[in-house]
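Worksheet: one structure, shown below.
The values are calculated or read from the model by the stated rules, or taken from the named source; none is laboratory data. All figures in this text were calculated on a predicted structure; none of them were measured in a lab. Here the Cβ positions follow ideal geometry from the backbone for every residue, glycine too, while neighbour counts run over all protein chains shown. The accessibility values were calculated without ligands, DNA or RNA, using every heavy atom of the protein model including side chains. Shrake-Rupley method; radii C 1.70, N 1.55, O 1.52, S 1.80 Å.
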Amino acid sequence: MAINTPFNAAAAAYGNASRLINQAAKPATDLTANAAAGGNNFADLLAQNVQGIIDQGKTSDQMAMDMISGKANVVDMVTALSETEMAIESMVTIRDRVISAYEEILRMPI
């Protein structure tokens, strides 16, 4: 039972992140309605990428559970974990760049 606790916590964290993303994407639908058929807006793009990372995390968690039960290959598990890690690092980099751009805009004289 103690083995499942970290996985349950990870699943709860992914669920919470998914719920927050869905809540954040709801106001973005108003922006999409106002956009003149220009494709996805930035909020939608960001929400899709975060959802992809959540899905990769769930896949990695399932692979780890399969590894514990002896159903998965070690190489497949390590590959899934490294793909998830790279996706998270990419998302953090994007977040840092967006924050930097926002701070630069705030420093602009009016």
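Report, by residue number, each residue of segment 56-90 that is among the small types (Gly, Ala, Ser) and part of a helix (DSSP H, G or I).
Of everything in segment 56-90, those that are among the small types (Gly, Ala, Ser) and part of a helix (DSSP H, G or I) turn out to be GLY57, SER60, ALA64, ALA80, SER82, ALA87, SER90.
Starting from residues that are open to solvent by 40 Å² or more (accessible area, probe 1.4 Å) and not hydrophobic (A, V, I, L, M, F, W, C), keep the ones in segment 41-65 and report whichever is nearest to ARG95 (Cα to Cα).
Restricting to residues being open to solvent by 40 Å² or more (accessible area, probe 1.4 Å) and not hydrophobic (A, V, I, L, M, F, W, C), the top hit is ASN49.
Kindly provide the set of residues from segment 66-81 that are in contact with a helix residue (DSSP H, G or I) (Cβ under 9 Å, 6 or more places away or on another chain) and either surrounded by fewer than 11 Cβ atoms within 10 Å (Cβ to Cβ) or modelled with pLDDT of 90 or more (or both), ordered by number.
Correct list: LYS71, VAL74.
Identify, please: which residue in segment 57-73 is within 20 Å of ALA87 (Cα to Cα) and not basic (Lys, Arg) and is, among those, nearest to the chain's Cα centre (by Cα)?
GLY57
Being open to solvent by 60 Å² or more (accessible area, probe 1.4 Å) and in a helix (DSSP H, G or I) is the requirement here; does THR93 meet it?
yes
Show the residue pairs that are 6+ apart or on different chains and have beta-carbon atoms under 8 Å apart, the first residue being within segment 68-96 and touching a residue at least 12 places away in the same chain (Cβ under 8 Å) and among the small types (Gly, Ala, Ser), the second being open to solvent by 70 Å² or more (accessible area, probe 1.4 Å) and assigned to a helix (DSSP H, G or I).
From residues that are touching a residue at least 12 places away in the same chain (Cβ under 8 Å) and among the small types (Gly, Ala, Ser), the pairs are ALA80/THR59.
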